């Protein structure tokens, strides 16, 4: 079983230097955990992120035959969003416009590396 | 003339059991409707729309077109690397002083330090995330 408080503490570590919110969700759009200033719209953010992932995953499967979709990075008008697959869940991070893509990727990778093993342990077979 | 007593707290004895069940039924129905309304407002539908599925003829047509475009690009020779645009003639530019070895070393060191800093980015380890239940 996952410890929700510890999970939130881990996600919170990413929320510095322009990073506004970090969410962990399942591909169906249910929010598992989040940390940061989400303005009480974290459920909507999770649902939209899952929808974007699922819309692209199918076509990515034929494009990237070996691995499938691993990463989505979006450079939007008011900020940047990254969605990354971790075990059978999705890690979604959104940042202010000032954050560089390199830093965004580095932090998401660090989080994903840390969460991969614990989330695999509880992943349903 | 018919006297009808005022309805107040003392007048509940006038409510028959059937009337009480009606009012409680109404309350239950309104509570249920409120719950249903709230659920309908809170539900977020994440079913995604299937991407537009193309007909086979269209797919094969587009495949042919893309292959021909890629083949036409392969024949194009790459432009030769040119010097960056500058008002000064190339001879003057090339005869200028070279970048000092100290500057080159500084840039190299900073690049390596930046790469190492990015590599060392990691999550601070706290308590374990997964709790194992002891098997009986």
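Just so you know, all these numbers are worked out from the coordinates, no wet-lab data involved. None of the values given here were measured: they were computed from a predicted structure. Cβ placement follows ideal geometry from the backbone for every residue including glycine, while neighbour counts extend to all protein chains displayed.
Rounded to the nearest 500, what is chain A's calculated 222 nm mean residue ellipticity when only DSSP H runs of at least 4 contribute -39500 (n - 2.57) each, over all residues?
Computed mean residue ellipticity for chain A: -14500 deg cm²/dmol.
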Calculated over the stretch B:63-136: convex hull of Cα atoms, volume per residue (Å³): 302 Å³
Diffusion coefficient, µm² s⁻¹, Stokes-Einstein with Kirkwood Rh over alpha-carbon pairs of the stretch A:47-94 at 10 °C and 1.306 mPa s: 142 µm²/s
Inter-chain shielding of A:22-29 (mean C-beta neighbours from other protein chains, 10 Å cut-off): 1
Other protein chain Cβ atoms within 10 Å, averaged over every residue that makes up B:115-127: 4
The stretch A:65-125 shape via C-alpha gyration tensor axes, a/c threshold 1.5: prolate
Bins of 5 Å, starting at 0 and running to the largest distance - Cα pair percent for the stretch A:1-105: 2, 13, 23, 25, 20, 11, 5, 1
Peptide A:41-47, shielding by other chains (average Cβ, 10 Å cutoff): 1
Value of Rg/Rh across the stretch A:1-61 [Cα atoms, Kirkwood radius]: 1.02
Least to most buried among B:92, A:108 (fewest other Cβ within 10 Å first): B:92, A:108
